[in-house]
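Computed from the coordinates by the stated procedures, all read-outs in this text should not be read as laboratory data. Just so you know, these numbers come straight off a predicted model, no measurement behind them. All Cβ positions, even for glycine, are placed from backbone atoms using ideal geometry, and neighbour counts span all protein chains on display.
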Amino acid sequence: MSSLFKSELTLSESGFLFDHATGLTYTLNPTGRFIFRQMQKGVEGPVILTLLREEFEVDETTARKDLDDFVRQLKEFELID
């Protein structure tokens, strides 16, 4: 998934995502930070769902909604294709 990112993005430990191309900064909650880090590693969606369920102890419906919402927001901000 990391190849989907449109520009260089840096995530700080405190959850700030910096887009080097635009200079914009976004704040990610713990779930967003977790998903983003998995995407950077190239982990695919189904595996991210499993990892979300384990990490945050949520059901599949919640994990899927969180992942779908996060990816939708990345697309809205034109950070991924």
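I'd like the orientation of helix 60-76 relative to the chain: the angle between its Cα long axis and the longest Cα principal axis, in ° from 0 to 90, rounded to 10.
10
Can you show me the helix-derived [θ] at 222 nm for the chain, built from DSSP H runs with n ≥ 4 at -39,500 (n - 2.57) apiece and divided by the number of residues, rounded to the nearest 500.
Helix contribution divided over all residues of the chain: -15500 deg cm²/dmol.
Nearest 10 degrees, 0 to 90: what angle lies between the long axis of helix 30-40 and the longest principal axis of the chain (Cα atoms)?
Roughly 70 degrees between the two axes.
Read through the labelled values (i) 14.9, 50; (ii) 11.1, 30; (iii) 12.1, 36 and report the label of the one computed as Rg and Dmax of the Cα atoms in Å from the structure.
Identified label for the calculated read-out: (iii).
Which value, in debye to the nearest 20, describes the size of the charge dipole of the chain about its Cα centre when Lys and Arg Cβ atoms bear +1, Asp and Glu Cβ atoms bear -1, and nothing else is charged?
I would put it at about 120 debye.
Among T31, S14, T50, pick out the residue whose Cα is farthest towards the positive end of the charge dipole of the chain, where Lys and Arg carry +1 and Asp and Glu carry -1 on C-beta, about the Cα centre.
Ranked along the dipole, the leading option is S14.
Return the aspartates and glutamates within reach of K41: Cα separation strictly under 19 angstrom, same-chain partners fewer than 8 residues apart disregarded; answer none if there are no such residues.
Output for K41: E8, E13, D19, E54, E55, D66, D68, D81.
Among the lysines, select those whose C-alpha is under 16 Å from the C-alpha of K75, and discard any that sit fewer than 8 residues away in the same chain.
Cα-Cα hits under 16 Å: K6, K65.
Report the semi-axes of the equivalent ellipsoid for segment 1-48 in whole Å, largest first, where each axis is √(5λ) for an eigenvalue λ of the Cα gyration tensor.
Square roots of five times the eigenvalues give 18, 14, 7 Å.
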